[in-house]
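The block underneath contains the structure these notes are about, expressed in structure tokens.
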Amino acid sequence: MPEQENIARHDAALRAQLRLFCQLMLGSDAAAEDMIQQIDRRALDYHDEQDNCPTERVRLFRIAAELCGAPEKAAPDTVPPLRDDGVD
């Protein structure tokens, strides 16, 4: 599989997981989609401020947890790895 396709699959899977996290936190698909847009903006605005995050995935989930109103302890330093079984 070409590297670009692999990156695109990874990005799509991460976006689906972020959307599901937001749906669970907010209880609404529409609110989750709005939150994904806010996460994207926040990630772009504060990219350099979170250089201490081990991965982009952890950084995005921290942003999602903060925006969705999760208590700070609910945003773990480590997030389970992506499943690579094609399930979204």
Within region 40-80, considering residues that are among the acidic types (D, E) and surrounded by 13 or more Cβ atoms within 10 Å (Cβ to Cβ), the one modelled with the lowest pLDDT: E56
Residue that is nearest to the chain's Cα centre (by Cα) [pool: residues in region 8-32 that are loosely packed, with under 15 Cβ neighbours inside 10 Å and under 14 Å from G69 (Cβ atoms)]: L24
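The values are calculated or read from the model by the stated rules, or taken from the named source; none is laboratory data. Computed from a predicted structure; not experimentally measured. Quick reminder, even Gly has a Cβ in these numbers, built from the backbone with ideal geometry, and neighbours come from all protein chains shown.
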